[in-house]
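This report concerns only the one structure given below.
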Amino acid sequence: MRWMAWGVGLLLWAQETVWPGRLLFELREGFSAEKLPPELAELRDRVGGQVRLRFPQLPLKDPASRPIWLLEYTADLHPAYVAKLWRRSPAVLYAEPEYLPVPFAARQEDPTQLTYLPSDTLDNPFLRHLRVVGAWDSTHGDTATVVAIVDTDCKFDHADLVDNIAYNWNDPINGLDDDGDSYVDNFQGWDLVGASYSGSGPFAPDNDPRLPSSSGHGTWMAGLAGATTDNTTGIAAPSFKCRVLPVKVAPDNSWALYAAYDGILYAAQHGAKVINCSWGGTFYSQAAQNFLRQLIQTYDPLVVAAAGNIPPDTPATFYPANYEGVLAVTGVDTHDVWWGTLQIGYGIDIATTGEGTTLHSYTGTDHSYFRMGATTSGASAIASGCAALLRSWRPDLNAYQVAELLRITADSVEPQNLPHLRYRLGRRLNLARAVATRDTPACRITAWRAYDGNDSLFFAGETFFLSATYTNYLAPVSNLTVSLESLTPHLQVNSGPYMIGSLGTLQSHTQTTPFLLTLQPSCPLNAKLPVLFRFQGDGGYSDYQVIELTGLNPAYVHLDSAQLRTTLCGNGRVGYYDTPANTQGRGARWSGSTESWLFEGGLFIIDDTSAHLSTRAPLGSMYNHFTPTQAATHTVQGLYEIGEVGYAGRGRYHRTQAPHYPGKSLRCPPRTRQPLCGFRIPP
């Protein structure tokens, strides 16, 4: 006997980097841990949970910001599943698992211990390549400027680092909290996690950020950023006299950075003007983005992060490097050529060399060195050392301005690299020019919008609009114009330059006449296409920025006419095409609401011998048994709004002539009790 069923499924998502038993979320105004709505209070109790502030020491400077809450629970349920349940409450803005970043692995080029240590003559070519030596002609930095290394460890007593540590003289080691900051004897940095951690329960922090029997990733980064310079010992580092704050955020026996963002907060609250994050992951967290925005608004640190290490040409986006407000760093060699295994992308700001000799300890008591191969971990640490030197030289600039000064004064690497890398490596840092420059503008896009006055879905052959808000972070500029260029043949720009005129320091301008673009018939399905904004102004000012427009010529269509608004997708999903990111689609929204109560929906076709799914698979993957074959269509016929997508299914449902997956929405008065939405699967 043969049978078939179809429906909308909500399945569990698992991912190895998820912290078990923990959930991050924000609440709408009027709710808190003490004032949870009944449905959340009941769910909290059912999972054996407690709710508390995730970052209780972070003040909210922006009135629009909301506190980030943590649900810790004991039930044997995956955080993705609990997050799905938590999000059902209308009091919840978002809910997500807490992810665990890890350091980007370092490659050791020469494992041989070095014994001959002339005065700073263990050569690091990046000091010349990045024009650090030229910057030292103007400044050696300032001991009051601190660069924090938030990482696995830091051997602060290494002979080539001990004199450059940001010691807390207000809290000497005497068993007392002399400075009243709630950290007892945090004289030489802090270990937020402790020697060991099982993954649940409280940390056991202490005042020793070292590893007991060797050194690790964090010590290597501290050496590249801030080794003691001009001390007749070992290596030199860009920050010169600037001090290093060790912040250990992993247990001794693991590189899981359980306290990564707690460490960033600790660093900012203890005076770090630059915070290095040579770690990350491909998971996007709304809580982490909001945390960083609040942190930078409150304490003004420059957060520098590694863009990621990858196999060649493997597309990936790493965080925190790609969060708003973070300086993203990749690496090139001393000839400005891409290494081939480091991350590329339009969101990368600068490149440094990414390799060099750094500090190490083989036994925990020796003071050794090794040469580390190219990584974005090293590239980020080197950039952080350079940023600390520049911040000490330019105390008049805020964190965003220092980041922009590093970027705008850097050198192009395009002539040395293949055409497909254009605009995807950032610029190679030139510290001497950054130190010497006082009068350059630096314009950036701080917001943008693509629209068409309809459903803002752009199909092949359609024309749409693109406008942006521009901010100038540095010196004033006059006669500023912005022109738009397509970096792909699939997109045509139909507008000339847009005139802004004069734009002062930290002044913004919102575009009043949008650019006009046409999507060409050749555009692939669900394309992500880059466009280049080119800035020109008086005094020879020239700059650019690339953004990517996503979901062009979509294989999904919105059904908005009925009380229930949703999106029909050619990959078999309902609500969102790109689950779990959930950026392409309506979800499921009741008329008048901007919030979706659906996290994930999908088509499944099942008979007595097989199943064809478009929903969650085990271990975090997705079932992709339906493939879109053409762009969606959208029509209105009388009372009905009709969306249709073509798909090809695997196995018995694969057809040479691909079937269509139509959805029909009844256009009726908002308070009607008639059916809201229906779908038809062809036989």
_Selection count where residues are among the polar types (S, T, N, Q), at pLDDT 95 or above and out of contact with any Asp or Glu (no Cβ under 8 Å at 6 or more places or on another chain), scope region 205-229_ = 0
*Matching option when the condition is aliphatic (A, V, I, L, M), open to solvent by less than 30 Å² (accessible area, probe 1.4 Å) and over 20 Å from the mean Cα position of the chain (by Cα), among 399, 410, 379*: 410
*Just checking, which of 194, 218, 199 is touching a Cys at 6+ places or on another chain (Cβ under 9 Å) and either surrounded by fewer than 24 Cβ atoms within 10 Å (Cβ to Cβ) or not β-branched (Val, Ile, Thr) (or both)?*
218
*Looking at region 172-184, is at least one residue within 28 Å of residue 233 (Cβ to Cβ) and among the acidic types (Asp, Glu)?*
no
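Residues are listed down the side, and each one gets a yes or a no for (1) over 17 Å from residue 634 (Cβ atoms); (2) outside any loop (DSSP other than H, G, I, E, B); (3) among the acidic types (Asp, Glu):
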| residue | (1), (2), (3) |
| --- | --- |
| 517 | yes, yes, no |
| 522 | yes, no, no |
| 536 | yes, yes, no |
| 542 | yes, yes, no |
| 557 | no, yes, no |
| 578 | yes, no, yes |
| 584 | no, no, no |
*If you go through region 467-487, how many residues are among the polar types (S, T, N, Q) and under 14 Å from residue 445 (Cβ atoms)?*
5
*Determine the pairs where a residue that is touching a residue at least 40 places away in the same chain (Cβ under 8 Å) and part of a helix (DSSP H, G or I), located within region 386-408, has a partner that is open to solvent by less than 10 Å² (accessible area, probe 1.4 Å) and among the polar types (S, T, N, Q) with Cβ atoms under 6 Å apart, the partner being 6 or more residues away or on another chain.*
388/239; 389/239
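Of all residues in region 324-342, which are within 26 Å of residue 289 (Cα to Cα) and open to solvent by 10 Å² or more (accessible area, probe 1.4 Å)?
324, 325, 326
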_Return the residues of region 52-74 that are open to solvent by 30 Å² or more (accessible area, probe 1.4 Å) and among the hydrophobic types (A, V, I, L, M, F, W, C); say none if nothing qualifies._
53, 60, 64
*Does region 258-281 hold any residues that are touching a Gly at 6+ places or on another chain (Cβ under 8 Å) and either polar (S, T, N, Q) or not in a strand (DSSP E or B) (or both), and which are they?*
258, 278
*Quick one: count up the residues across region 425-476 that are farther than 30 Å from residue 355 by Cα and hydrophobic (A, V, I, L, M, F, W, C).*
15
*Name the pairs: first residue in region 477-491 and of a type in the set (Gly, Ala, Ser), second residue surrounded by 17 or more Cβ atoms within 10 Å (Cβ to Cβ), Cβ to Cβ under 6 Å, at least 6 apart or on different chains?*
486/531
*Among residues of region 251-280, those that are open to solvent by less than 10 Å² (accessible area, probe 1.4 Å) and not aliphatic (A, V, I, L, M), counted*: 8
_The one condition in (1) at pLDDT 90 or above; (2) within 27 Å of the chain's Cα centre (by Cα); (3) open to solvent by 40 Å² or more (accessible area, probe 1.4 Å) that residue 554 fails to fulfil_ = (3)
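May I ask you to list the residues in region 359-376 that are open to solvent by less than 10 Å² (accessible area, probe 1.4 Å) and either in a loop (DSSP other than H, G, I, E, B) or of a type in the set (Phe, Trp, Tyr) (or both)?
Of everything in region 359-376, those that are open to solvent by less than 10 Å² (accessible area, probe 1.4 Å) and either in a loop (DSSP other than H, G, I, E, B) or of a type in the set (Phe, Trp, Tyr) (or both) turn out to be 361, 369, 370, 373, 374, 375.
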*Give the residue, chosen from 535, 515, that is in contact with an Asp or Glu (Cβ under 6 Å, 6 or more places away or on another chain) and either open to solvent by less than 30 Å² (accessible area, probe 1.4 Å) or without any contact (Cβ under 8 Å) to a residue 40 or more places away in the chain (or both).*
535
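Can you give me the number of residues within region 477-487 that are farther than 12 Å from residue 517 by Cα and surrounded by fewer than 17 Cβ atoms within 10 Å (Cβ to Cβ)? Give the steps one after another, and end with the answer.
Pass one, region 477-487, residues farther than 12 Å from residue 517 by Cα: 477-483, 487.
Narrowing the set further to residues that are surrounded by fewer than 17 Cβ atoms within 10 Å (Cβ to Cβ) leaves 478-479, 481, 483, 487.
Total meeting the criteria: 5.
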*Tell me which of these residue 239 doesn't satisfy, since it passes every other one: (1) of a type in the set (S, T, N, Q); (2) under 16 Å from the mean Cα position of the chain (by Cα); (3) open to solvent by less than 10 Å² (accessible area, probe 1.4 Å); (4) farther than 25 Å from residue 56 by Cα.*
(2)
*asked:* If I filter region 143-186 down to residues being outside any loop (DSSP other than H, G, I, E, B) and of a type outside the set (A, V, I, L, M, F, W, C), which single residue comes out as nearest to residue 387 (Cα to Cα)?
replied: 164
*Quickly run through region 416-467 and pick out the residues that are within 21 Å of the chain's Cα centre (by Cα), buried (at least 17 other Cβ atoms within 10 Å of the Cβ) and among the small types (Gly, Ala, Ser).*
426
*Pairs, please: C-beta under 7 Å, at least 6 apart or cross-chain, first residue over 26 Å from residue 431 (Cα atoms) and in region 352-380, second of a type in the set (D, E, K, R)?*
361/155; 367/160
*Check on residue 581, within 30 Å of residue 487 (Cβ to Cβ) and over 28 Å from the mean Cα position of the chain (by Cα)*: no
*Condition test on residue 248, is it farther than 27 Å from residue 314 by Cα and open to solvent by less than 10 Å² (accessible area, probe 1.4 Å)?*
yes
_Looking at residue 170 and the list (1) open to solvent by 20 Å² or more (accessible area, probe 1.4 Å); (2) touching a helix residue (DSSP H, G or I) at 6+ places or on another chain (Cβ under 8 Å), which single condition is not satisfied?_
(2)
*Odd one out for residue 470, checked against (1) outside any strand (DSSP E or B); (2) buried (at least 22 other Cβ atoms within 10 Å of the Cβ)*: (1)
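The values are calculated or read from the model by the stated rules, or taken from the named source; none is laboratory data. Just so it is clear, the model here is predicted, and its values are computed rather than measured. Please note: Cβ atoms are built from the backbone with ideal geometry, for glycine as well, and neighbour counts cover all protein chains shown. Note: areas computed on protein heavy atoms with side chains; ligands, DNA, RNA excluded. Shrake-Rupley method; radii C 1.70, N 1.55, O 1.52, S 1.80 Å.
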